[in-house]
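Since the structure comes first, as structure tokens, the remarks are kept for the end.
The values are calculated or read from the model by the stated rules, or taken from the named source; none is laboratory data. Please read all numbers here as calculations on a predicted model, not as lab measurements. Cβ atoms come from the backbone with ideal geometry, glycine included; neighbour counts cover every protein chain shown. We work out accessible area using only protein heavy atoms, side chains counted, and drop any ligands, DNA or RNA first. Shrake-Rupley method; radii C 1.70, N 1.55, O 1.52, S 1.80 Å.
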Amino acid sequence: MGEEYGIFVGGKWRKSEGKRFETTNPATGEVLATFPAATKDDVNAAVKVAKEAFESWRKTPAPRRGELLLEAARIFRRKKEELARVVTTEMGKILAEGRGDVQEVIDFFEYAAGEGRRMFGETVPSELPNKMCLTVRLPVGPVGLITPWNFPMAIPAWKSGAALIAGCTFVLKPSSLTPLCAARFVEVLDEAGFPPGVVNMVTGSGSVVGDGIVDHPDIRAVSFTGGVDTGRHVYESAAKKMIKVGLELGGKNAILAMDDADVDLLIDGVMFGAFGTAGQRCTATSRLIVHEKIYDQVVDELVERAEDLKVGDPLDERTDMGPVASLDQERKVLEYVAIGRGEGDKLLTGGKKLRGGKHDKGFFLEPTVFAVERKKRLAQEEIFGPVLSVLTAKDYADAIAIANSVKYGLSSSIYTNDLRWAFRAMQDLEAGITYVNAPTIGAEVQLPFGGTKETGPTDTREAGTTALEEFTYWKTVYVDYSGRLQKAQIDTAKLVGG
Ligand code: UN1
């Protein structure tokens, strides 16, 4: 049955009147824990304490806030293996990737902690004497963080690390597929010593908890990672309140393979990009656009490698790919396989649910590769599973045109040894991230992360120096120490010396 969790509000686990739901292991079906589908009252209670705590948290010196983040990073480091197992058990990514998820928490908390000693503003000259002008960042207030299941610790860390160092308190609503990871995450923050009310977590549905957070008048910014339709809804609701909103939505990320590419390097990258985390990353490589001269060779090698992948128990170190995260995910992927077949795409390998033995207990799918034409649904729509669409291009310009023909723009990549193509691709690919000779996944926390087009507004850039933008606003301060009324734009004549 597993442990019965409540909601985490004001530094304590509290009971909720909401109905309970189970979180399960997608590899075995085992129930891991239960959580409440929280009520509107629960959300209001969480926002209330987040608002109260904000008053002292915003005044806590930023370096001190950073020390708490560093302490949290230390605890995550100590518990890395145990927490990685929680990630793998609840979400299904292989253990190496579960460890990566926790490492990303450590990396970002350490990075964000340092921001507490920077958080630079500007000093700017005044047009008047004895007057000083400067800018400072201020926290927006209590914020809402709505996170997905695919990086069940890393994404809460990106969002909360930035919010906390900025001086915001938060209410986190994790995906209902991975509440246990979120609970363990929040427990570490609590252990690190964040004051009660700074860190809050409420589980439950999007319509009650998600909307409840976004619509609450005291929530002053929302950061959401998930699907485009929900993202659009969050954006609309946030617009009504005129609050900041960060959105990281879908992707249909392409690797471009030019005719001079190192094919072995390319195939290694495509395998990792397309089938890592069973393709369930916003950044996953879901299209491979190959120069026609090397198309046959690439496809042959790719199919061979895909058929060699070991799909199974994600806790077994020898496994290459675990299950997909849920029955819904499994259905969606299999539906896309049917769509591909229906539209006449050529199934090169995979396409089936794995059956027999331990596979029967979980959502295990074959790594799947389709040869697809550019206008087909498999070439355009995000699948979020282990399905790669391979397309052929005549030349560089054609490859770019195909790459940019989708509505998303998160990550992208080009494999080439020709500087001309590499540097042009940096400018030509419509995406927030471009890799050269590396796959579309694997972003590092000290750089901005975000997209363009329907991936989300281009001012959403998580991680990196840009992370603070989501949770702070600029205050401009004018200090006049002349002791008399000075009029900008008007006192223009006599201003030499001062
Ligand atoms: C996501 O899938 O939403 O770049 C995040 C990567 C990871 C983060 C992915 N570091 O693939």
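If we keep just the residues of the stretch 409-432 that are within 22 Å of E248 (Cβ to Cβ), open to solvent by less than 20 Å² (accessible area, probe 1.4 Å) and of a type outside the set (S, T, N, Q), which is nearest to the ligand (Cβ to nearest atom)?
Going through the qualifying residues, I end up with L410.
Out of the residues in the stretch 198-228 meeting the condition of being more than 23 Å from F449 (Cβ to Cβ) and among the polar types (S, T, N, Q), tell me which one is most open to solvent (accessible area, probe 1.4 Å).
Among them, the one singled out is S207.
Of everything in the stretch 440-452, what is near the ligand (Cβ under 9 Å from one of its atoms) and either among the hydrophobic types (A, V, I, L, M, F, W, C) or open to solvent by less than 20 Å² (accessible area, probe 1.4 Å) (or both)? Give them in sequence order. Working first, answer last.
Within the stretch 440-452, the subset near the ligand (Cβ under 9 Å from one of its atoms) is 440-445, 449.
Those that are near the ligand (Cβ under 9 Å from one of its atoms) and either among the hydrophobic types (A, V, I, L, M, F, W, C) or open to solvent by less than 20 Å² (accessible area, probe 1.4 Å) (or both): T440, I441, A443, V445, F449.
Residue-wise test of (1) open to solvent by less than 20 Å² (accessible area, probe 1.4 Å); (2) modelled with pLDDT under 95; (3) part of a helix (DSSP H, G or I).
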| site | (1), (2), (3) |
| --- | --- |
| A278 | yes, no, yes |
| R287 | yes, no, no |
| D300 | no, no, yes |
| D313 | no, no, no |
| T319 | yes, no, no |
| V324 | yes, no, no |
| E330 | yes, no, yes |
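Please go through the stretch 43-102 and pick out each residue that is part of a loop (DSSP other than H, G, I, E, B) and within 19 Å of T23 (Cα to Cα).
Initial filter on the stretch 43-102 (part of a loop (DSSP other than H, G, I, E, B)): 58-61, 79, 92-94.
Result: G92, K93, I94.
Give the residue that is surrounded by the fewest Cβ atoms within 10 Å (Cβ to Cβ), with candidates limited to residues of the stretch 162-181 that are touching a strand residue (DSSP E or B) at 6+ places or on another chain (Cβ under 8 Å) and closer than 15 Å to F224 by Cα.
Filtering first and then ranking leaves S176.
Against the condition under 23 Å from A45 (Cα atoms) and either without any contact (Cβ under 8 Å) to a residue 40 or more places away in the chain or open to solvent by less than 10 Å² (accessible area, probe 1.4 Å) (or both), how does G231 come out, does it pass? If you could, list the steps in order and put the result at the bottom.
Values: under 23 Å from A45 (Cα atoms): no; either without any contact (Cβ under 8 Å) to a residue 40 or more places away in the chain or open to solvent by less than 10 Å² (accessible area, probe 1.4 Å) (or both): yes.
No: the conditions fail for G231.
Show the residue pairs that are 6+ apart or on different chains and have beta-carbon atoms under 7 Å apart, the first residue being within the stretch 94-108 and open to solvent by less than 10 Å² (accessible area, probe 1.4 Å), the second being among the β-branched types (V, I, T) and more than 11 Å from the ligand (Cβ to nearest atom).
L95/T88; G98/V87; G98/T88; D101/V87; V102/V87
Consider I339 carefully, then state whether it is among the β-branched types (V, I, T), surrounded by fewer than 17 Cβ atoms within 10 Å (Cβ to Cβ) and farther than 30 Å from P448 by Cβ.
Values: among the β-branched types (V, I, T): yes; surrounded by fewer than 17 Cβ atoms within 10 Å (Cβ to Cβ): yes; farther than 30 Å from P448 by Cβ: yes.
Yes; evaluated as a whole, the condition is true for this residue.
In the stretch 477-485, is there at least one residue being more than 16 Å from the ligand (Cβ to nearest atom) and surrounded by 22 or more Cβ atoms within 10 Å (Cβ to Cβ)?
So far as the stretch 477-485 goes, no, none of its residues is more than 16 Å from the ligand (Cβ to nearest atom) and surrounded by 22 or more Cβ atoms within 10 Å (Cβ to Cβ).
Restricting the search to the stretch 252-284, which residues are touching a residue at least 60 places away in the same chain (Cβ under 8 Å), farther than 20 Å from P314 by Cβ and among the aliphatic types (A, V, I, L, M)?
A254, I255, L256, A257, M258, A261, L265, L266, V270
How about the stretch 91-112: which of its residues are away from the ligand (no atom under 13 Å from the Cβ) and over 29 Å from C168 (Cα atoms)?
Result: G92, I94, L95, A96.
Hey, any hits in the stretch 243-264 for a residue that's open to solvent by 10 Å² or more (accessible area, probe 1.4 Å), assigned to a helix (DSSP H, G or I), within 14 Å of the ligand (Cβ to nearest atom) and within 18 Å of S412 (Cα to Cα)?
Within the stretch 243-264, not a single residue is open to solvent by 10 Å² or more (accessible area, probe 1.4 Å), assigned to a helix (DSSP H, G or I), within 14 Å of the ligand (Cβ to nearest atom) and within 18 Å of S412 (Cα to Cα).
Considering the stretch 453-476 alone, what residues qualify as being open to solvent by 30 Å² or more (accessible area, probe 1.4 Å), within 16 Å of the ligand (Cβ to nearest atom) and assigned to a loop (DSSP other than H, G, I, E, B)?
E454, R461
Is it true that R281 is among the charged types (D, E, K, R) and under 22 Å from P156 (Cβ atoms)?
Yes; evaluated as a whole, the condition is true for this residue.
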